[in-house]
Each structure stands twice: as C-alpha cells, then as structure tokens.
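**Student:** My questions will all concern the structure given below.
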Amino acid sequence: MGGFFGITSKSDCMAEVFFGVDYHSHLGTRYGGMAAWDSEQGLQREIHNIGNSPFRTKFENILDEMRGTSAIGCISDSDPQPLLIRSNLGTYAICITGIINNASELIDQYLSFSGGHFDAMGGGRVNSNELVAALINQKSTFAEGIKFAQKQIDGTASILILTSEGKLIAARDCSGRLPVHIGRNDEGYAVSFESFAYQKVGYEDVRELGPGEVVELSPTKMTVLAPAGKHKKICAFLWSYYGYPNSDYEGINVEAMRYRNGAIMAKNDELIQSGNCNIDYVGGVPDSGTPHAIGFSNESHLPFARAFIKYTPTWARSFMPTSQKERNNVAKMKQIPVKELIRDKDLLFVDDSIVRGTQLKETVEFLYENGAKSVHMRSACPPIMYSCKYLNFSRANSEMELLARRIIMELESEEGFEHLEEYSDSKTERGQNLRKAICEKFNFTSLEFQSLEGVIEAIGLDPCELCTYCWNGKG
C-alpha cells in the first residue's frame, strides 16, 4: 500500500511534514521519502529504505539536513519516492499511491515515439513515479498531464506534486478508490491520505477531493484545476482493514464502522442467536480485528477479553514483508498469550479478514497449545474471492493463493469458480461446504463470514459508491 502527505506554508514546515508522513507508517514498510522546497535552496529530496527500521529513525535528522516552506513525503511499499523530475513543465517532485497494471505497455508505447529512456531498476522495471511523470510531461500543463496520465493508466493513481515554485498539486485517482484530504490553518494548506495526520499538526479539515479532482495549493489559496467526476468507487476494505482507527473517509469513521460491523455480525450469527452459546470470551485477532470484536461483544452481551497480545514495539506489521515465510515468523513472534484467559475456555475470535489463512492457522494452533477448549472464528468481511487489481495492497501473485479459492478448488475443482456467489453465501449448500472445509483444515469449532450486505450497512454509503471487487468481482 502507501500514503502521502504534504504542506505548503508561509513558514518552515519540515517538522510538521516529518510527523505527518510518519503518521502514514501503518501503510507500508519498504520506503520512506521526503522532498522540500526552499526559496534559497530550491528543491531537495531524500529517500531511505525503511524495511528494517521505522520511518522516524531514518529521518530523525531531516530538520538538520533539509529546510522548506513547502514539502511532501510518502510511505511506499512499491517504489522509492518521491522522485525529482526535470521536464518541459519545470523541475518538480512527485509521489503516487496506487498501482499501474499496464506499466509495460505504457513504457513500450512511450519509448516507441519519444526517443527517450527510463532509469531501469532490477529486472528492467521502471519506477512508477517516473512513468507517471513521463505521461504527465506529454502535455503543456500539470492539470492536462495528470488527466492524460490517469486516463492511460489501468489501475489507480493518486498523485502529489511539489513544484519549483513551492506549490502543491494534488490529484485523487479517477474512481476515488483512495482518499485525498485537504486541511488548512493560518499558515497554509495540507494534503494527506489520512486526515488525522494533519489534524495532529494543527490543521483543520477543508474537504476531501472528489474522484479525479485536481487542485493546486499555495499558502494562501486552493485552486481547482480539474473538477471532480461523478462516479466514485472508494475501497470498502479501507474501513474493514487497512484504514487507521482515527481516520474518516467520506465522513465515516473507521473505528465506529468496525463497532457497527461487529454488532451486525452478532445480530445475524446463528450460534449467538440460538441461545445455546457457551462462549466464555469474545476477542479480536489484533490489531484491526479488535474493534469488530468489541462491536460483536457489545451486541451479543458476551464478555470481551484480550486472550493474546501482539508485541509490536520491535516487530513490523506482519502482512508487510514480501516473503510469506517472513510474514509467518513475524506473526508468530508477536503473539504473547494471556494463559488465564485461554486455558479451558471456549473462545470466539473476530478477524478483520481471511486472505491466505496461513497466519490464522498458526494463531489457532497457538491458542490450542495454550489450553483453549474451543476456538470459534468470525471474519469481519466476506470471503475474499478475487485478488485486488486496483491497489497494491494485499495483492496475490495468483488467485489460488487466496484461501477461499483453494478450498473451492479442493471441493469442486475449477467448476466451483462458476459459483463464487453461492460459496460466499452461508445459506447455500456450497457456502456451508466452504465453511465446513475451512473449519476442518484449521481446526475451528465454527466459522462464519460477514455478509457483503452487512459490510455495506456498517459503512453506510450507497453500494454504488463502494469498490467491493475483492469480495464479488465488482469494482
């Protein structure tokens, strides 16, 4: 995944941008970068690999090394960024969030007529920021270039640019799959993926950009360069999983949505509603499963408990490492049991999602090793049937990496892929077979998934405004 942050101000803003970028660290662990503009020094840029250390430790001396009244920064799980670009539009810094699925085709097309070149990385791959810049530079203005680039891209690209005049240009992706927030104070304007990031450094909300909207920001003015489009498809997984609890997207808070989501799950849970429930504690698979579990506990009137804790001070988020083996090892090392809350207890856990299932299997084994009597599992979203093609978050190399797909293949071979909607629905025979097979493979006492209708109800937006591709193939 990834996220960006920027400020254009009347006074030096490096400290605020440093903290603002750091507040996006939950979105990635590969690269961190900052670029700044100062009237005397011009544009400056610094990038670090943050794979083995937090952003703040690599940039803690940035206030001694860079200065600027305008600055941008990003956390990235894909490419080193921001890049400095010199072009017909001037010199500027650029960073993006999203994914470009047709990068090879766009590169070949550009090279076929431009006579230019790209700085190639390992395997001949081109930095996505350089590719986006090459597309933008084919037009005579930033606004025209950004709209042209986004039209050419198959995927998603939200863009943040710092110009050689110290202005910021921010563009939300054409479908509005990712958020771009604007804030302001007496000194200037801020741009952020996460709105709480600029709120913490003294900026107040102005508004979110609409899909495809492009704005130019100076310390005293916001100018719309391209109006918002009418059709929005914001990623529903923002609320279910990778959005930060303090964040609001489209005016809807992440933590509050998760409480509602858990409550809706409990209302519709056959085990809970049967009256024969012998659950001792409801808990969340930390961290993002915990608020869903709190909502489930509140609605079901079953006591909430943290039967195990994740040790996070020195271990990065476990879904981030590229290697599945490394993800598994990190997840295992982070789990610290509270044995008094596990031994001889019937437990129900709510996880934010079940993607590949590898870590969850080890979690359940860990609970039984520490004396759990039974482990019931609930997923706060529907079965994930499709690998996301719009964002570089939790992307699978093959859809057969997805647990639901693998189980369906075992049950019915490829014929089952013609019935994915039935497998998602617990009321159908295929849906019941999917859940039973996962229970047997993972040693769950019972398993259920939140319905798509339940997730949408918890978010509260019109279904046509949400991207639910990973669940039902409709983006």
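**Student:** Considering each residue of the range 161-196, count those that are of a type outside the set (Val, Ile, Thr) and more than 18 Å from ILE234 (Cβ to Cβ), and give that number. Give the steps one after another, and end with the answer.
**Tutor:** Initial filter on the range 161-196 (of a type outside the set (Val, Ile, Thr)): 162, 164-168, 170-179, 181, 183-190, 192-196.
Checking which are more than 18 Å from ILE234 (Cβ to Cβ) leaves us with 162, 164-168, 183-190.
Going through the range 161-196 one residue at a time, the tally reaches 14.
**Student:** Separate question: In the range 115-143, how many are surrounded by 12 or more Cβ atoms within 10 Å (Cβ to Cβ) and over 22 Å from ALA35 (Cα atoms)?
**Tutor:** Going through the range 115-143 one residue at a time, the tally reaches 3.
**Student:** Out of LYS334, LYS345, I need the residue that is modelled with pLDDT under 85, in contact with a Phe, Trp or Tyr (Cβ under 7 Å, 6 or more places away or on another chain) and surrounded by 14 or more Cβ atoms within 10 Å (Cβ to Cβ). Which one?
**Tutor:** LYS334
**Student:** On to the next question. For GLY210, work out the one condition from (1) surrounded by 24 or more Cβ atoms within 10 Å (Cβ to Cβ); (2) part of a loop (DSSP other than H, G, I, E, B); (3) not hydrophobic (A, V, I, L, M, F, W, C) it doesn't fulfil.
**Tutor:** Status for GLY210: all satisfied but (1).
**Student:** From the residues in the range 404-416 that are over 27 Å from the mean Cα position of the chain (by Cα) and free of Cβ contacts under 8 Å to residues at least 24 places away in the same chain, which one is surrounded by the most Cβ atoms within 10 Å (Cβ to Cβ)?
**Tutor:** Filtering the range 404-416 for residues that are over 27 Å from the mean Cα position of the chain (by Cα) and free of Cβ contacts under 8 Å to residues at least 24 places away in the same chain, the one surrounded by the most Cβ atoms within 10 Å (Cβ to Cβ) comes out as GLY416.
**Student:** Also, quick follow-up: Suppose we keep only residues that are aliphatic (A, V, I, L, M) and closer than 30 Å to GLU365 by Cα within the range 442-475. Which one would you say is nearest to the chain's Cα centre (by Cα)? Step through it out loud before you land on a result.
**Tutor:** Of the range 442-475, the ones aliphatic (A, V, I, L, M) are 447, 452, 455-456, 458-459, 461, 466.
Retained after the next criterion (residues that are closer than 30 Å to GLU365 by Cα): 447, 452, 455.
Values: LEU447: 25, LEU452: 19, VAL455: 17 Å.
Filtering the range 442-475 for residues that are aliphatic (A, V, I, L, M) and closer than 30 Å to GLU365 by Cα, the one nearest to the chain's Cα centre (by Cα) comes out as VAL455.
**Student:** Another question, then. So, in the range 222-234, exactly how many residues are outside any loop (DSSP other than H, G, I, E, B) and touching a Gly at 6+ places or on another chain (Cβ under 9 Å)?
**Tutor:** 2
**Student:** I would also like to ask the following. Condition first: of a type in the set (Lys, Arg) and more than 20 Å from the chain's Cα centre (by Cα). Now tell me which residues in the range 165-206 satisfy that.
**Tutor:** Taking the range 165-206 as the starting set, the residues that turn out to be of a type in the set (Lys, Arg) are 167, 172, 177, 184, 200.
Selection gives LYS167, ARG184, LYS200.
**Student:** Go through (1) within 27 Å of GLU453 (Cβ to Cβ); (2) modelled with pLDDT under 95 one by one and return the number of the condition ASN392 breaks.
**Tutor:** (1) is the only condition that ASN392 fails.
**Student:** What do you reckon, is GLY212 at positive phi and modelled with pLDDT of 95 or more? Break it down into steps so the answer makes sense when it comes.
**Tutor:** Working: at positive phi: yes; modelled with pLDDT of 95 or more: yes.
So GLY212 passes the test.
**Student:** Looking at this structure, is CYS74 under 23 Å from the mean Cα position of the chain (by Cα) and crowded, with 24+ Cβ neighbours inside 10 Å?
**Tutor:** Values: under 23 Å from the mean Cα position of the chain (by Cα): yes; crowded, with 24+ Cβ neighbours inside 10 Å: yes.
Answer is yes for this residue.
Each row is one residue, and each column tells you yes or no for (1) under 30 Å from ILE96 (Cβ atoms); (2) assigned to a loop (DSSP other than H, G, I, E, B).
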site	(1), (2)
MET400	yes, no
SER413	no, no
GLY416	no, no
GLU421	no, no
LYS427	no, yes
ASN433	no, no
GLU448	no, no
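The values are calculated or read from the model by the stated rules, or taken from the named source; none is laboratory data. Because the structure is predicted, anything quoted here is derived from the model rather than measured. Heads up, the Cβs are rebuilt from the backbone with ideal geometry, glycines too, and the neighbour counts pull from every protein chain shown.
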